[in-house]
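What follows is a single structure, written as structure tokens, with notes after it.
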């Protein structure tokens, strides 16, 4: 099942993104958990920010030349995101 455009779905993003077609998203603007285990809260220690598979999916659904904006409080996250983007683009050079 693919998701229809212009509809709202109450679904986990990690599950829902897999239901989107390739190159169909104009922008991804997100504020993922910082993975700091803030005050012992489990929502801030999910591992989602470090999920290579999830970030590959984000890049898969973004239209070529479109933008990703992610908010965070520490530069380590940007280093991780940059590394994931480089890994994905290197792995997928042959898929163009």
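The values are calculated or read from the model by the stated rules, or taken from the named source; none is laboratory data. Note that the coordinates shown come from a computational prediction; the quantities given were computed from them, not determined experimentally. Quick reminder, even Gly has a Cβ in these numbers, built from the backbone with ideal geometry, and neighbours come from all protein chains shown.
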Item to complete: Kindly indicate which of 53, 23, 44 is touching a strand residue (DSSP E or B) at 6+ places or on another chain (Cβ under 7 Å) and either at pLDDT 80 or above or surrounded by 13 or more Cβ atoms within 10 Å (Cβ to Cβ) (or both).
Response: 23
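Using the structure shown, decide if residue 17 is modelled with pLDDT under 85, in a helix (DSSP H, G or I), surrounded by 10 or more Cβ atoms within 10 Å (Cβ to Cβ) and under 12 Å from the mean Cα position of the chain (by Cα).
Values: modelled with pLDDT under 85: no; in a helix (DSSP H, G or I): yes; surrounded by 10 or more Cβ atoms within 10 Å (Cβ to Cβ): yes; under 12 Å from the mean Cα position of the chain (by Cα): yes.
Considered against the rule, which asks whether it is modelled with pLDDT under 85, in a helix (DSSP H, G or I), surrounded by 10 or more Cβ atoms within 10 Å (Cβ to Cβ) and under 12 Å from the mean Cα position of the chain (by Cα), residue 17 comes out as no.
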Practice prompt. State whether one or more residues within the range 68-82 are surrounded by 16 or more Cβ atoms within 10 Å (Cβ to Cβ), in contact with a strand residue (DSSP E or B) (Cβ under 6 Å, 6 or more places away or on another chain) and either at pLDDT 80 or above or assigned to a strand (DSSP E or B) (or both).
Written response: no
